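The values are calculated or read from the model by the stated rules, or taken from the named source; none is laboratory data. Please read these numbers as outputs of a predicted model, since none were measured by experiment. Heads up, the Cβs are rebuilt from the backbone with ideal geometry, glycines too, and the neighbour counts pull from every protein chain shown. Areas reflect the complete protein model, heavy atoms only, side chains present, ligands, DNA and RNA absent. Shrake-Rupley method; radii C 1.70, N 1.55, O 1.52, S 1.80 Å.
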Amino acid sequence: MSNPLIVYKFGYPAGHGTPDISPFVVKLETWLRLSGIPYEGRTGGRSVMPKAKLPVAEIDGRLIPDSSAIVAHLQAHDPRALRDEHLSAAQKAQSLAIQSLLEDRLYWVTFYLRWCVPANVQRYKPLLMDYALRAVPGWQRPLVKAMATPIMSGLAKNMRQQAWQQGVGRHGPDEVLAQGLQGWQAVATLLGDQPYLFGERPSSVDATLFAWVHTVARHPFPSPVQDFVTAQPNLMAHHDRIWARHWA
């Protein structure tokens, strides 16, 4: 790469001790740090980005959306990239299965707990307002502040509709919690007493696991799933190991 890599992200208010509100952003940034690839983080406006999603990476003037697509691009073009060449074919297949468990099933459990639990929606609103104010030009900020209540109410309604369309919103709270606890128990069992998911060396899926543990354990949305994850010594040791080596 001839130009600095820029990661457009959501952002988070100072003082929360966490890199971002999105696990996909945390995953990408952690993978970049595991790879030793320097980057510049900027708050991005999702609506003006390709596919209207974040994170997006600007690499040599090209905007690439989606954390997995960014990782794949850098693995193909940057010699510093973590490529998981130390994994066997079976381990690479297991890695993909673990990533799918985290990014599909457990992501939507987390989504439900943020957007379909009224108390957590109230906790989320000031964090989202901070992002909204960072993502718009300065002249628009007074209007965003004035329209805060209807904007946030509309956003919450839209997210609940997404949860319904995906399917997780059609379940009751106990059913969603059961799915989350079952999934996290499986992840904890797969990790076991290893430092990383496949032994002594981290691989790309460790960035994903770190991001999901971080999102559940460190973001301010209490639930029995958060209680379970924070009570698993191996999950928290994995998180704290990566945090100390690559974030602190």
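For this structure, a couple of remarks:
- Segment 132-248: radius of gyration over Cα atoms, expressed as a fraction of 2.2 N^0.38 Å: 1.37
- If you run the Gaussian network model on the chain, springs between alpha carbon atoms under 10 Å, then out of Ala207, Ala231, Ala90 the most flexible one is Ala90.
- Pairs from Lys27/Lys53; Lys125/Lys157; Lys51/Lys157 whose Cα-Cα separation, in the structure shown, is over 18 Å: Lys51/Lys157
- Taken over the Cα atoms of segment 1-54, the convex hull encloses 97 Å³ per residue.
- Residue-normalised convex hull volume from the C-alpha trace of the chain: 130 Å³ per residue.
- Computed with a 1.4 Å probe on the full set of protein chains, the accessible area for Trp184 sits at about 0 Å².
- Accessible area expressed per residue, the chain, with surrounding protein chains retained (probe 1.4 Å, Å²): 47
- Protein accessible area in the chain, 1.4 Å probe - carbon and sulfur %: 55
- Globularity index of segment 1-101, i.e. its alpha-carbon radius of gyration over 2.2 N^0.38 Å: 1.11
- Positive contributions from Lys and Arg (+1) and negative ones from Asp and Glu (-1), summed over other residues with Cβ under 13 Å from the Cβ of Arg141, come out at +1.
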